[in-house]
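Asks: I have a structure here, written as structure tokens, and I will follow up with some questions on it.
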């Protein structure tokens, strides 16, 4: 048996890997691997020589970290600040099955001691957490649900997204990720990541660029951090189909669908405040018959309807105002989501200049050769053909000339 080196110990003890930040993302994967390997070996040898269990180093070819020794203990910027939740379950209108899925996650956090200590489930899950992935169309209430969960648990909520984690420097994304989970743990807050598909997307099977390697590293670090996080993380996405397969077994998937007719009626009632003057013909049940709309579109329709009435000089909002505003919002969304047929026409128009660039005059060199006149003596006319078109024209002219010569010889 040979003695284990410090570097081998770092590899074996995956709980505290060697963290290196500052490598540009556009660096080649091979160069990054060589650098990290050599630094890792050097650190391991130093730990052996000095009989140390760990080490924190800062390396720079520029002015060292702001230029003063006081920077040695500087903490990363506090980007992840908790806030009070803005919504509760009384404002959240969901199908019963969806609400039950959310309550299961909440119960896991509320009764963690009973489940994982007294009932000994900690034996199979040493880091009890609850991770929820809310997926569904835009505007269905995923962000509101995250706030409602935090409110029910009596916790603050940290709002984060992929833009707060990414960095142009290799390794800084992982550092930001660790800071995010550390902030949620320190504040005992619910962690909410919006547009999570950008972060939880499938990893690259083969990395040929430094940026791809950095993305894979960040996603792997997220999975490890999620396993060790003893709190509640909520992810939101319009579609979870792009998630990395390893994510699916770590989260509870909860669909937030478009509201059905009873839910739409309840949303309409919840969005008509007491101070809003309504005409006698306003009927929430009738408005709920217009399907295929989200709660956010209903909210925007209420505001637009009131604005329409005020602009028309009326101090009350009637049924037609609400219906017109909602139909307008739905039509605008459907128009934006539907590919425009004009694209095909634009492609045809774009092809016309290429056709125009092939006038009959391009065969003039052959005609000039047959007539015994140099081609350069002929006046130029029409657009100048592209090089590839000119080459084809020359070949065609040569072929025509050869056919003509052969025919005359016969």
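Conditions (1) touching a helix residue (DSSP H, G or I) at 6+ places or on another chain (Cβ under 8 Å); (2) at pLDDT 85 or above, marked per residue:
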| position | (1), (2) |
| --- | --- |
| 139 | yes, yes |
| 147 | no, yes |
| 152 | yes, yes |
| 158 | yes, yes |
| 167 | yes, no |
| 179 | no, yes |
| 216 | no, no |
| 222 | yes, yes |
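Asks: For the condition under 21 Å from residue 182 (Cα atoms), in contact with a strand residue (DSSP E or B) (Cβ under 8 Å, 6 or more places away or on another chain) and at pLDDT 80 or above, what is the one hit in 83, 20?
Replies: Every option except 83 fails the conditions.
Asks: Among 331, 325, 342, 301, which is at pLDDT 50 or above and under 19 Å from residue 274 (Cα atoms)? Show your work before the answer.
Replies: Values: 331 fails: under 19 Å from residue 274 (Cα atoms); 325 fails: under 19 Å from residue 274 (Cα atoms); 342 fails: under 19 Å from residue 274 (Cα atoms).
Result: 301 is the single residue among 331, 325, 342, 301 that is at pLDDT 50 or above and under 19 Å from residue 274 (Cα atoms).
Asks: Considering only helices (runs of 4 or more DSSP H) fully contained in region 237-322, which possess at least 1 residues that are within 30 Å of the chain's Cα centre (by Cα) and outside the structural domain of residue 218 (by TED's automatic domain parsing)?
Replies: Of the helices (runs of 4 or more DSSP H) lying wholly inside region 237-322, those with at least 1 residues that are within 30 Å of the chain's Cα centre (by Cα) and outside the structural domain of residue 218 (by TED's automatic domain parsing) span 261-270, 295-311.
Asks: Could we say that residue 247 is at pLDDT below 95 and farther than 13 Å from residue 200 by Cα here?
Replies: no
The values are calculated or read from the model by the stated rules, or taken from the named source; none is laboratory data. Since we're looking at a predicted model, the values are computed, not measured. When we count neighbours, we look across all protein chains shown, and the Cβ atoms used for this are built from the backbone with ideal geometry, even at glycine.
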